[in-house]
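The values are calculated or read from the model by the stated rules, or taken from the named source; none is laboratory data. This one's a predicted model, so the numbers in the text were calculated from it and none came from an experiment. Heads up, the Cβs are rebuilt from the backbone with ideal geometry, glycines too, and the neighbour counts pull from every protein chain shown. All accessible areas refer to the heavy atoms of the entire protein, side chains included, with ligands and DNA or RNA removed. Shrake-Rupley method; radii C 1.70, N 1.55, O 1.52, S 1.80 Å.
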Amino acid sequence: MKIGIIPVILVFIPVVSQESEAPAYKDPQSFFVGTYTDSGSEGIYSFLLHEDGKLSSSGLASRAEHPSFLAKSADQKYLIAVNEIVDSTGTGYVESYAIQGNKLKRINRKPSGGGYPCFITTNSKGYVLTANYEDGTIGMLKLDSEGNISDLLDVQKHLGKGTTSRQEGPHAHSVWFGKTEDEIISLDLGTNELWFSRIDTTANQLIPAIPSKLAMAAGAGPRHMTFHPDRKRAYVLNELTSAITILERTSQGDFKVGSTISTLPEGYTSPNTCADIHISSDGRFLYASNRGHDSIAIFGISPVNGSLQPIGHTPTKGRTPRNFSLSPDGKFLLVANQESNSIVSFKRDQHKGSLEFVDQIAAQTPVCILF
């Protein structure tokens, strides 16, 4: 038996120092925060959500007066914000900004069509809609390709009242584009109704639909809504009764009222109002914010009939959770705690819908989070 020489192979394993490790945060997602500016805030701020759910601040993006709600143009080049104020003429304003990284460059400002505008949205055609809470009006403007906002094109005035002390007259709280970009649904907390209309793009007017209104349960106070990804159903968040009402499309294309479910745990009797509502992009889970209980209510959505099954409540680790937002990748949920001056990050279990606290960061009177 011949015995050969066995080669020895030396393997060198490099030692990596702590300093040379890959950074914990890569590809952060930027987002803007709208605020109220009567207690230290200066306007719109920019933050970063890192890959692990941690938060960091990029500082003041632009000075603005009460920029309480934000939206982006369809091409993501421009940000539009309401100024939730009333000037000597009784109107609020809409401002547009060019997005320059984490900073904003103001372009122009126009009247919103009413007092205390509290919501704004836009579509791919550049139409801009704002809900003016004080007057119960919907203002329509248009954003051009360079980010300039037009003068008011039309104003829709709501009429009527509800049954509670906060429903003595119309209070438009939000306005949404529906199944098409011409279908408009506005929620009026004061009249306790949803108002339906369409955009006449030739005349640049809001034309009432048929039927033009849909009543909620007495005293409900509809505030915000969210659409299931299949657009066959919508879910209305009622501020005053802390409840979610399911709307279902009929064969004629309009909505009918379905079942309603509370956002609060059984046995909770202290004061509470609801603020915001969102559905995960896969249509499996729905989230709503409670102010008073200071929680995010979590529901599973039935794939069969769209009904809601309570999963639980996650404390927001702050007071008065106003607006909240799901990150674009759906991995995190961020909450703006208005009265405790913080933004809180939760990791979202995309299979169970549950939330796990990750991080929080200081933010002065945050009221809107926009990715």
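Structure values in brief
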| item | result |
| --- | --- |
| Selection count where residues are within 24 Å of LYS125 (Cα to Cα) and without any contact (Cβ under 8 Å) to a residue 40 or more places away in the chain, scope segment 68-100 | 6 |
| Per-region count, segment 207-241, residues β-branched (Val, Ile, Thr) and part of a loop (DSSP other than H, G, I, E, B) | 1 |
| Of residues in segment 338-356 being touching a strand residue (DSSP E or B) at 6+ places or on another chain (Cβ under 6 Å) and either among the acidic types (Asp, Glu) or over 16 Å from SER57 (Cα atoms) (or both), the one surrounded by the fewest Cβ atoms within 10 Å (Cβ to Cβ) | GLU356 |
| Selected residue (only one of TYR97, TYR78, TYR45 is aromatic (Phe, Trp, Tyr), over 25 Å from ILE277 (Cα atoms) and buried (at least 17 other Cβ atoms within 10 Å of the Cβ)) | TYR97 |
| Residues that are within 24 Å of LYS232 (Cα to Cα) and of a type outside the set (D, E, K, R), drawn from segment 173-190 | HIS173, SER174, VAL175, TRP176, PHE177, GLY178, THR180, ILE184, ILE185, SER186, LEU187, LEU189 |
| Test result for ILE298, assigned to a strand (DSSP E or B) and farther than 14 Å from THR263 by Cα | no |
| Condition check for GLY114: crowded, with 20+ Cβ neighbours inside 10 Å, of a type in the set (Gly, Ala, Ser) and within 22 Å of the chain's Cα centre (by Cα) | yes |
| Residues of segment 230-264 that turn out to be hydrophobic (A, V, I, L, M, F, W, C), closer than 20 Å to THR314 by Cα and open to solvent by 60 Å² or more (accessible area, probe 1.4 Å), as a count | 0 |
| In segment 212-229, the residues that are open to solvent by less than 60 Å² (accessible area, probe 1.4 Å) and touching a residue at least 24 places away in the same chain (Cβ under 8 Å) | LEU214, MET216, GLY219, ALA220, GLY221, PRO222, ARG223, HIS224, MET225, THR226, PHE227, HIS228 |
| Segment 184-211: number of residues that are touching a Leu at 6+ places or on another chain (Cβ under 6 Å) and either touching a residue at least 60 places away in the same chain (Cβ under 8 Å) or of a type in the set (D, E, K, R) (or both) | 2 |
| Some residue of segment 265-275 being in contact (Cβ under 8 Å) with a residue 24 or more places away in the chain, crowded, with 20+ Cβ neighbours inside 10 Å and part of a strand (DSSP E or B) | yes |
| Test result for GLN309, polar (S, T, N, Q), open to solvent by 10 Å² or more (accessible area, probe 1.4 Å) and either touching a strand residue (DSSP E or B) at 6+ places or on another chain (Cβ under 6 Å) or touching a residue at least 60 places away in the same chain (Cβ under 8 Å) (or both) | yes |
| Scope segment 153-181; condition open to solvent by 50 Å² or more (accessible area, probe 1.4 Å), under 22 Å from HIS278 (Cβ atoms) and either in contact with a Pro (Cβ under 8 Å, 6 or more places away or on another chain) or of a type in the set (Ser, Thr, Tyr) (or both); matching residues | THR180 |
| So LEU70, is it open to solvent by 20 Å² or more (accessible area, probe 1.4 Å), within 25 Å of LEU326 (Cα to Cα) and not β-branched (Val, Ile, Thr) | no |
| Hits in segment 312-360 (condition: over 14 Å from PHE47 (Cα atoms), acidic (Asp, Glu) and either in contact (Cβ under 8 Å) with a residue 40 or more places away in the chain or in a loop (DSSP other than H, G, I, E, B) (or both)) | ASP329, GLU339, ASP349 |
| Qualifying residue in segment 279-296 (condition: farther than 27 Å from ASP188 by Cα and open to solvent by 40 Å² or more (accessible area, probe 1.4 Å)) | yes |
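Yes or no, residue by residue, for (1) part of a loop (DSSP other than H, G, I, E, B); (2) modelled with pLDDT of 95 or more; (3) more than 18 Å from the chain's Cα centre (by Cα):
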site	(1), (2), (3)
CYS118	no, yes, no
MET140	no, yes, yes
SER145	yes, yes, yes
ASP151	yes, yes, yes
THR164	yes, yes, yes
GLY169	yes, yes, yes
HIS173	no, yes, no
